[in-house]
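Peer 1: Take this structure, written in structure tokens, and hold onto it; I'll ask about it next.
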Amino acid sequence: MKPIYVTSPSLPPLAEFIPYLEKIWESKWLTNNGQFNKQFESALADYLGVKYVSYFTNGMSALQAGLHALRLSGEVITTPFTFVATTHAIHLHGCTPVFCDIEPDTFTLDPDKVEALITPRTTAIMPVHVYGNPCNHEQLQRIADTYGLKLFYDAAHVFGVKKDGVSVCNWGDLSMLSFHATKVFNTFEGGALVTNDSAMKQRIDYLRNFGFKDEVTVVAPGMNGKVDELRSAYGLLQLKYVDGEIAKRKKVAEHYRNHLQGVPGIKVLEDIPGVQHNYGYFPILVDGKIYGICRDQLYDRLKAAGIFSRRYFYPLCSQFSTYRGLPSAAAGRLPVAEATARAILCLPIHAELDENTQDIIINMVTSKGQL
Ligand code: T4K
């Protein structure tokens, strides 16, 4: 059997990409605000239903630029249950990440636990819409407004996700998207910052291009976060297919749910009412006491059978060597995140996962990997 990975990127038909390549070869305009770059940013803003998008070379660089653009300092309250990029971006910006526990049902930052962590040094809250589950925005925004904090969403997982018909990328001061190969929408590597504030968009675009305003004026220290015409053109083409991609993923998620719901010791997440999901991940929670074997045993048995599930996000960011000495990283302060990291397993999901292959995975889970 061919290995089954946690995901597999969707690519558009190669033949459809060739005309874009021909245009790039003809124009010899390879990067720096090229025509495809401009078209892609505006198409993305239309697709997402937001005002401004700045396309970055990857999600991590977009996070770093966002922290600069918001001029953050001091402490940033964030979740330990995320990909390490979130925490690293805060740390590399010179801020201290302050870990806050998560909600048991959505795995997103628990707003009820945020206020107790605010100090005079706190400047922002950085929540993550984990697996595409929207955070409790209303409550987080209320806290941010009350204490004068910025709200910067790591929205790496929410491409196309809407709550009550509105893109969640409209929330907060800024949102960061990732278009990495493993994401629902990919441009090989890529990321973006989303804002509805024109001054913020301008600041971000200066930052992305070394701080240049024009040929001779540098308005601020900047980075190189620009994206070339190849990936911009590819992104434009990908946008045509992303709705179909999400629809196929939805079917895969439904098939899993139909067969794994009710398996003793396995918890399957349902869609959240009012949310249009993108089905980027299919997490299950394994309760070893009821299921009979623990999460890691199931992970190992699947792996031995060539099924590469992933334990996103274990270990917690608060457990990595750079961060575990922080007072907020103490395991006792993050009980829900700790328990979730021990039980979580993301099963393979992508648009081309056919039902036969999925049934092999399902049978492995229902038989505790003893097929
Ligand atoms: N914030 C959050 C919440 C994030 O999840 C991420 C990224 C970021 C920020 C940062 O955004 P970027 O700077 O990455 O744009 C992957 C991704 O590298 C990472 O983008 C992603 N989150 C994270 C959740 O997953 P790994 O180490 O698990 O990837 P890897 O290489 O093991 O790939 C997983 C599987 O996907 C492979 O076993 C096979 C398949 N795959 C992978 C690649 C790269 C393919 O089939 N083709 C491919 O090209 O981190």
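Peer 1: Taking the Cα centroid of region 127-152 and of region 211-274, what is the distance between the two, rounded to the nearest whole Å?
Peer 2: 20 Å
Peer 1: Counting helices only, and only those DSSP H runs with n ≥ 4, report the 222 nm mean residue ellipticity of the chain as the sum of -39,500 (n - 2.57) divided by its residues, in deg cm²/dmol to the nearest 500.
Peer 2: Roughly -11500 deg cm²/dmol at 222 nm, from the helical runs in the chain.
Peer 1: Further question: Could you please put GLU352, GLU103 in sequence from largest to smallest accessible area, using a 1.4 Å probe?
Peer 2: GLU352, GLU103
Peer 1: Another question about this same structure. What is the spin-label model distance, in nm, from TRP29 to GLU138 if the labels are put 7 Å beyond Cα along the C-beta direction?
Peer 2: Computed distance between label sites TRP29 and GLU138 equals 4.6 nm.
Peer 1: Of the accessible area of region 149-236, with the probe set at 1.4 angstrom, what percent is carbon plus sulfur?
Peer 2: Whole-percent figure for carbon plus sulfur exposure: 53.
Peer 1: Averaging sequence separations of C-alpha pairs under 8 Å and six or more residues apart, then dividing by the length of region 212-371, give the relative contact order as a whole percent.
Peer 2: Taking the mean separation of contacting Cα pairs over the length of region 212-371, I get 27 percent.
Peer 1: Return an integer: the convex hull volume of the alpha-carbon atoms of region 188-327, in Å³ per residue.
Peer 2: Expressed per residue, the convex hull around the Cα atoms of region 188-327 is 240 Å³.
Peer 1: Just the accessible area for PHE212, please: 1.4 Å probe, Å², rounded to the nearest 10?
Peer 2: We get 80 Å² for PHE212.
Peer 1: Once the Cα gyration tensor of region 283-328 is found, what semi-axes does its equivalent ellipsoid get, as square roots of 5 times the eigenvalues, in whole Å, sorted largest first?
Peer 2: That gives 26, 14, 8 Å for the three semi-axes.
Peer 1: Hey, can you find the accessible area per residue of the chain for me, probe 1.4 Å, expressed in square angstrom?
Peer 2: 44 Å²
Peer 1: Continuing with this model, one more query. In region 1-90, how does Rg compare with the Kirkwood Rh, expressed as the Rg/Rh ratio over alpha carbon atoms?
Peer 2: 1.07
Peer 1: Considering Cα pairs under 8 angstrom that are at least six residues apart, work out the relative contact order of region 58-163 and quote it in whole percent.
Peer 2: Worked out over region 58-163, it gives 27 percent.
Peer 1: Just subtract the alpha-carbon distance of THR119 and GLN370 from 0.36 nm times their residue separation and send over the number in nm, one decimal.
Peer 2: Working it through step by step, the gained length comes to 85.2 nm.
Peer 1: Moving on. Tell me the label-point distance for the pair THR322, GLU254, using the 7 Å Cα-to-Cβ offset, in nm and rounded to one decimal.
Peer 2: If labels sit at THR322 and GLU254, their model points lie 4.2 nm apart.
Peer 1: For region 69-210, how big is Rg over Rh, using alpha carbon atoms and the Kirkwood form of Rh?
Peer 2: 0.94
Peer 1: Using 26 Å as the Cα-Cα cut-off, could you pick out the over-long pairs in LYS162/LYS248; LYS162/LYS183; LYS23/LYS162; LYS113/LYS250; LYS28/LYS248?
Peer 2: Beyond 26 Å: LYS23/LYS162; LYS113/LYS250; LYS28/LYS248.
Peer 1: Give me the Debye-computed log₁₀ of I(q)/I(0) at q = 0.09, 0.16 Å⁻¹ for region 1-152, equal point scatterers on Cα only, no solvent, two decimals.
Peer 2: Evaluating at q = 0.09, 0.16 Å⁻¹ gives log10 I(q)/I(0) of -0.42, -0.99.
Peer 1: Computed over the Cα atoms of the chain, what is the ratio Rg over Rh, Rh following Kirkwood?
Peer 2: That ratio equals 0.98.
Peer 1: While we're on this one: Just subtract the alpha-carbon distance of ASP359 and ASP164 from 0.36 nm times their residue separation and send over the number in nm, one decimal.
Peer 2: 66.9 nm
Peer 1: Also, quick follow-up: For ALA330 and THR217, what does the FRET efficiency come to when R0 = 45 Å and r is the distance between their Cβ atoms, rounded to the nearest 0.05?
Peer 2: 0.40
The values are calculated or read from the model by the stated rules, or taken from the named source; none is laboratory data. Computed from a predicted structure; not experimentally measured. Backbone-built Cβ (ideal geometry, glycine too); neighbour counts: all protein chains shown. Heads up: the accessible areas ignore ligands, DNA and RNA and are worked out on the full protein's heavy atoms, side chains in. Shrake-Rupley method; radii C 1.70, N 1.55, O 1.52, S 1.80 Å.
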